[in-house]
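First up is the structure itself, then whatever we jot down about it.
The values are calculated or read from the model by the stated rules, or taken from the named source; none is laboratory data. Keep in mind it's a predicted model, so treat the numbers as computed, not measured. Cβ: placed from backbone, ideal geometry, glycine included. Neighbour counts: every protein chain shown.
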Amino acid sequence: MLIDFLYHLRSHGLSLSGKEWLTLLTALERGHAACSLSRFYYLARAICCRNELDFDAYDRSFSEFFEGLSGAEAIDSSFEHWLQNALPQRLLSEAERAALEGLDLDEVKRMFEERMTQQKERHDGGSHWIGTGGTSPFGHGGYHPSGIRVGGEGQQHSALQVASKRLFRNMRRDITIDTRQFGLALRKLRQWGREGLASELDLEASIAATAQQAGDIQLVFRPERRNHLKLLLMMDVGGSMTYHTQVCEQLFSAAHQSVHFKEFRHLYFHNCPYDFVFSDMAQQERVWTKDLFAQCDASWILIVVGDAAMNPYELTHPGGAIDYFQRNEEPGLLWVDRFRKHFPLSVWLNPEPSAYWQRPSNQLIRKVFPDMFPLSLEGLEQAIDRLRASPHAAR
Amino acid sequence: MTQTPTFQGTSHYIASAELREIVNVACDLQRPLLIRGEPGTGKTVLARAVADSFGLPLLTWHVKSSSKAQDGLYVYDTVQRLNDSRFGTGDVHDIQRYIKYGPLGKAFRSEQRTVVLIDEIDKADIEFPNDLLHELDAMSFMVFETGETITARQRPVIIITSNAEKELPDAFLRRCVFHYISFPEPDEMREILKVHHPEAEQKLVQQCLQRFYWLREQPEVRKKPSTSELVDWIGALRRAGVDPKILEQEFPFLGVLLKKESDLQALRRVPRKPYR
């Protein structure tokens, strides 16, 4: 059964090996879960999950797997229906309550199955049949200390309930998390090199120099290892991008906070970059694209953030720019192509899920700018992998 | 390993039942315990609490971006030895004198079982955890300069904290027991506050908790205040003798809770206007 459970977890995308299985077995052998499903839930989670991003998958598969065992899925849907329309709970005297204590789980389960096969109709407030508001051990909204709850809301937190709550749903990998996660992803772009003030002892060179001096000690210093990465971040602002403000801000601040870069520039555009872009979000300060190309050479990495959602003529027609003051003499797509060609190390991050990438403007852009990824943690990682794999990437 | 003492939390550290369980599992299985969680949820303090609870010495290894796995085991002080040989001070023939043990090295050599905290392992280079794999597995390492193999006399309890564990390699994670400390619910928080401010007025605590959780829910606040900030905030309010009623209208000493200028500004203009 444990093996089945691990395979079930694997089918939900947790990468598990025999090692975890053995660890879990050892832990169980040493009496750690002690026959409690909720303790087993935490134990297995601690061993099988690598980070909290796995918790949601774990929760889903745990509730699926153990739900099946409890037999709850065998309940007839008409049962479900009237159990959900419950009568209010009735008050019990101490004596009544005491009489209800002390059924053990196996007995309760056996009785439940027995009664399920016998019962033919809806029942509320009684003490025997499966129903609501009563003292029978079965049903919900009632009182029985060792009963089985069917449908409705429970008060006790059992492992299955904890699992089915899926508290960690918003920690899934495909959902953007926070600035720090972005920052970490960006960190993978580091390009190491030594430059600047010599402050670190170079042991090998010192030994060599000392040997050269016939044992008279010579200390040789070298500069520290530093990151050479130059990053240009271009963001689409305004219009349809307003909905994505938060995620863009996160990426921006992640890049901004990152002290790892040698140089970092950020520029803005509205829908499409043309002969000039902007250095501020309010689009007041112009930066001429040709100046930009002169200042930033092909060793820069370009990350474009935009939803690529606009009227296609903004890309295909001269003067098509959405802002009247732009008066572009050349079509937008040509400028996109120029950016792409000038920066061989470039990716486009789209805050919209890839399911929406069918719009014409998006397809036009992807024709000249094929490396488009969703702006999520996963997408960013893919984008960075693409950049690192590029033949232009610095080693 | 017939009888293992169990971790129950200490008078200064409130551990959830879940966390206590996991700590005990990790100690018993002799696996490193990897702890993740929001900043300020007591990841680092946990090691102190575990050490206190078991009555064991704590060795801390604060990992920095420049840390290397070797630093935790031992460092061979070449420059010192060279210098000594040049100026004729000290016994240069005894290499042992120039081996400086790191936290892990000390723990392995210790006669007594120890608790080792490897704090913020994710700060170091990506390869860092991989370099420790063998040492954590076999609990031994070799000092190349002397040819001596150091094996743990008592396997230490190893607690590792990480803020962004995505960087950690799979092979490393496979060897750890993992726990995520989720942010405490208000009831748990009340217990925690009792430890830090046992004499605080109930009404003040109640009011503070309400405001605190409200603040955490605001999407404009980017750096969410954490437990330690709440503890400081209540301390500040008590010292200033602020009337709990005032809290309904305003946030005195907001700077204790929010450390970022942008968050303070954002809070002043809730609800915020979007860009054009």
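Can you confirm whether residue A:50 is more than 7 Å from every other protein chain (Cβ to nearest Cβ) and of a type in the set (Lys, Arg)? Answer is no for this residue. Suppose the filter is surrounded by 16 or more Cβ atoms within 10 Å (Cβ to Cβ), within 14 Å of chain A (Cβ to nearest Cβ) and of a type in the set (Val, Ile, Thr); does residue B:192 pass it? So residue B:192 does not fit the description; no. For residue B:124, the stated conditions hold: it is modelled with pLDDT under 90 and under 30 Å from residue B:43 (Cα atoms). Applying a threshold of 6 Å to beta carbon distances and a minimum spacing of six or more residues, or different chains, the list of pairs starting in the stretch B:16-38 at a residue that is assigned to a loop (DSSP other than H, G, I, E, B) and ending at one that is of a type in the set (Lys, Arg) and at pLDDT 85 or above reads B:30/B:155. Filtering the stretch B:33-56 down to residues that are within 12 Å of chain A (Cβ to nearest Cβ) and within 23 Å of residue B:137 (Cβ to Cβ), which residue is surrounded by the fewest Cβ atoms within 10 Å (Cβ to Cβ)? Here the residue is B:36. Check whether at least one residue in the stretch A:329-344 is touching a helix residue (DSSP H, G or I) at 6+ places or on another chain (Cβ under 7 Å), under 14 Å from residue A:273 (Cα atoms) and of a type in the set (A, V, I, L, M), and report yes or no. Yes, the stretch A:329-344 has at least one match. The set of residues from the stretch A:11-23 being assigned to a helix (DSSP H, G or I), facing chain B (nearest Cβ under 10 Å) and either crowded, with 17+ Cβ neighbours inside 10 Å or touching a residue at least 24 places away in the same chain (Cβ under 8 Å) (or both) comprises A:20, A:23. The number of residues in the stretch B:96-134 that are of a type outside the set (D, E, K, R) and more than 18 Å from residue B:63 (Cα to Cα) comes to 8.
Residues are listed down the side, and each one gets a yes or a no for (1) outside the structural domain of residue A:333 (by TED's automatic domain parsing); (2) touching a His at 6+ places or on another chain (Cβ under 8 Å); (3) under 20 Å from residue A:361 (Cβ atoms); (4) of a type in the set (Asp, Glu):
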| site | (1), (2), (3), (4) |
| --- | --- |
| A:239 | no, yes, yes, no |
| A:242 | no, no, yes, no |
| A:246 | no, no, no, no |
| A:255 | no, yes, no, no |
| A:262 | no, yes, no, no |
| A:273 | no, no, yes, no |
| A:290 | no, no, no, no |
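Taking the stated definitions as given, is residue B:150 surrounded by 14 or more Cβ atoms within 10 Å (Cβ to Cβ), away from every other protein chain (no Cβ under 14 Å) and closer than 21 Å to residue B:60 by Cα? Yes: the conditions hold for residue B:150. Close Cβ contacts (under 7 Å, 6 or more residues apart or on different chains) running from residues in the stretch B:218-241 that are touching a residue at least 60 places away in the same chain (Cβ under 8 Å) to residues that are in a loop (DSSP other than H, G, I, E, B) and of a type in the set (Asp, Glu) comprise B:226/B:38. For residue B:133, the stated conditions hold: it is assigned to a helix (DSSP H, G or I), within 13 Å of chain A (Cβ to nearest Cβ), over 30 Å from residue B:208 (Cβ atoms) and at pLDDT 85 or above. For first residues located in the stretch A:229-245 and without any contact (Cβ under 8 Å) to a residue 40 or more places away in the chain, partners that are among the basic types (Lys, Arg) and surrounded by fewer than 21 Cβ atoms within 10 Å (Cβ to Cβ) and lie 6+ apart or on another chain with Cβ distances below 9 Å form the pairs A:242/B:276. When residue A:199 is tested against the conditions (1) assigned to a strand (DSSP E or B); (2) among the polar types (S, T, N, Q); (3) under 29 Å from residue A:312 (Cβ atoms), the lone failure is (3).
There is no residue in the stretch A:255-269 that is of a type in the set (S, T, N, Q) and either more than 35 Å from the chain's Cα centre (by Cα) or under 26 Å from residue A:354 (Cα atoms) (or both). Beta carbons closer than 6 Å, at least 6 apart along the sequence or on distinct chains, pair a first residue in the stretch A:200-224 that is more than 8 Å from chain B (Cβ to nearest Cβ) with a second that is in a helix (DSSP H, G or I) and surrounded by 13 or more Cβ atoms within 10 Å (Cβ to Cβ) for A:218/A:209; A:218/A:210; A:220/A:205; A:220/A:206; A:220/A:209. Of the helices (runs of 4 or more DSSP H) that lie entirely inside the stretch A:291-395, those containing 1 or more residues that are aliphatic (A, V, I, L, M) and under 29 Å from the mean Cα position of the chain (by Cα) span A:360-368, A:377-389. Selection of the stretch B:205-225 for residues being surrounded by fewer than 18 Cβ atoms within 10 Å (Cβ to Cβ) and either aliphatic (A, V, I, L, M) or in the same structural domain as residue B:130 (by TED's automatic domain parsing) (or both) yields only B:209. Would you mind stating whether residue B:60 is polar (S, T, N, Q), in contact with a Phe, Trp or Tyr (Cβ under 8 Å, 6 or more places away or on another chain), surrounded by fewer than 16 Cβ atoms within 10 Å (Cβ to Cβ) and in the same structural domain as residue B:175 (by TED's automatic domain parsing)? Considered against the rule, which asks whether it is polar (S, T, N, Q), in contact with a Phe, Trp or Tyr (Cβ under 8 Å, 6 or more places away or on another chain), surrounded by fewer than 16 Cβ atoms within 10 Å (Cβ to Cβ) and in the same structural domain as residue B:175 (by TED's automatic domain parsing), residue B:60 comes out as no.
Residues that are over 19 Å from the mean Cα position of the chain (by Cα), at pLDDT 90 or above and surrounded by fewer than 15 Cβ atoms within 10 Å (Cβ to Cβ) do not occur anywhere in the stretch B:160-169.
Just for the stretch B:16-37: of the residues that are of a type outside the set (Lys, Arg) and touching an Asp or Glu at 6+ places or on another chain (Cβ under 9 Å), which one is farthest from residue B:177 (Cα to Cα)? The selected residue is B:16. Within the stretch B:111-130, is there a residue that is out of contact with any strand residue (DSSP E or B) (no Cβ under 9 Å at 6 or more places or on another chain), assigned to a helix (DSSP H, G or I), more than 14 Å from chain A (Cβ to nearest Cβ) and closer than 20 Å to residue A:203 by Cβ? The answer is no, given that none of the residues of the stretch B:111-130 is out of contact with any strand residue (DSSP E or B) (no Cβ under 9 Å at 6 or more places or on another chain), assigned to a helix (DSSP H, G or I), more than 14 Å from chain A (Cβ to nearest Cβ) and closer than 20 Å to residue A:203 by Cβ. Restricting attention to the stretch A:299-320, the residues that are at pLDDT below 85, over 17 Å from residue A:368 (Cβ atoms) and among the hydrophobic types (A, V, I, L, M, F, W, C) add up to 0.
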